[in-house]
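Every number here is computed from the coordinates shown, using simple stated rules; none is lab data. No experiment lies behind these values; they were computed from the predicted model shown. Note that each Cβ is placed from the backbone with ideal geometry, even for glycine, and that neighbours are counted across all protein chains shown.
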Amino acid sequence: MGDNFLFGIFPYIAFALAIVGGIYRYYSDRFSYFSLSSQFLENRVLFWGSVPWHYGIVLILLAHLFGGLFSGLLLDLPVVSARLFILLLIGTSLGLIALVGIVLLIIRRIIDSRVRGVTSVMDWILIILLAAQVAAGLTIAVFYRWGSLWYLYAAAPWFWSIGRLSPNFATISPLPGLVKFHMFNAFVIIALFPFTRLVHIFTVPITYLWRPYQVVIWNRLAHRLSGGAGMSDIKFDTQRRGFLKLATGILASLVCIAIGIPVIGALIGPAFRSKKPSWAKVGDLNSLLVGEPTRLTFAVQIASAYIRETVLHDVWVIRQTSSEVTVFSPICPHLGCEYNWDPQTGHFECPCHGSVYAIDGKVLGGPAPRPLDILPTKIQSEELYVEWETFKVGIPEKVSA
């Protein structure tokens, strides 16, 4: 019930509040769409937080949007470790830049009385939620690696199901709590859209395009020629260049640390690694239909020294009765291909070499040397758990790989 509301119902509530509330505010209090912008107060100090925040968050949002829209195309690409590592490094760097920016913006609002005076309670709530969202995303990038891959398997299908008005959160439920918070908090921020200054993102100063250019040039010249203003701008530019050099050095050091931790972990991790049976939640038992094979995707956390990695696996689940469930490994015991369920024939069929299996996993035809491999399962509080394991292929015996 919790996941059903958080990831099946609340996204629509958030979008409804954002659209209806945003339109209502525009027509009932249009002045608030454009006023009370703190950039007119201490604009130079605003630069230090605003620039890294906007550059970082915009690029991160574009990456999320691109991955969601073209998930099918990206999944067809071969999985290359170098590409995943580069994407991880870029995402982590952008997250650090955005986090530095929003922290500076929060500090500015705290220490400057004028800026604090035009900051409403809802603005404080929004900026805290934004900071929490960036911090959570950065933590996920560090401790749940290769997000550019499992994001396509877990989050993108959920986004598309919401767009089709048929929410399916089967790939979301097994994810770690921090990842689920990151997804839910994004819709909380969307829901707060009409109640905060976030509505400003839909205001574009297009009137500037037909503003007389003589006025623009004259104002710039007057500002430069006014007594002392030019020297003040030069001093400000010098301070800005110094800050950018310092920020670049700090970010470069953090990037080096981010690179060094996985490398060191890969070198010394095997000495501390211990394989223990781990149970992973696959989904809600009540969502499975009796007698109908269902393919489910779930996440498994693998600990390697101090680095944790989330890996996605598929399984075929068959519910015989209200309390009896069989879970098959998706790997064909012949040569390791992935088989599929054919509802027309009522059989599992492997497209690689023609092996055919009955609904109970027995071999009906083809070169398969043994039945489908059954995985250990348990049921707790109407939730199905599976212990993931791989087996050697091409042999009659079921032997762990």
Original post:
In which sequence would Ser71, Ser278, Ser28, Ser329 go, from the one with the fewest C-beta neighbours within 10 Å to the one with the most?
Top reply: Ser28, Ser278, Ser71, Ser329
Original post:
Which cross-chain or sequence-distant (5 or more) residues have an amide H under 5 Å from the amide H of Ser355, H modelled 1.01 Å from N in plane?
Top reply: Cys350
**OP:** Take every Cα pair under 8 Å in the stretch 2-203 that's 6+ residues apart, average their separations, divide by the length, and report that relative contact order as a whole percent.
**Re:** 38 percent
Subject >> Three-way shape call for the stretch 283-401 based on the alpha-carbon gyration tensor, with the a/c threshold at 1.5 >> reply: oblate
**OP:** Step through the residues of the stretch 328-333 one at a time and calculate ³J(HN,Hα) from phi using the Karplus curve (6.51 cos²θ - 1.76 cosθ + 1.60, θ = phi - 60°), rounding each to whole Hz and writing x for Gly and Pro.
**Re:** 9, 5, x, 9, 5, x
Original post:
With charges set only on the Cβ (+1 for Lys and Arg, -1 for Asp and Glu), what does the dipole of the stretch 279-387 come to about its Cα centre, in debye to the nearest 20?
Top reply: 180 debye
Original post:
What ranking, highest mean first, results for peptides 182-192, 387-397, 12-22 when packing means the other Cβ atoms within 10 Å averaged over each residue?
Top reply: 182-192, 12-22, 387-397
Original post:
In sequence order, what are the phi-derived ³J(HN,Hα) couplings for the stretch 180-188 according to the Karplus relation 6.51 cos²θ - 1.76 cosθ + 1.60 with θ = phi - 60°, rounded to whole Hz, with x for glycine and proline?
Top reply: 5, 4, 4, 6, 5, 4, 4, 6, 4
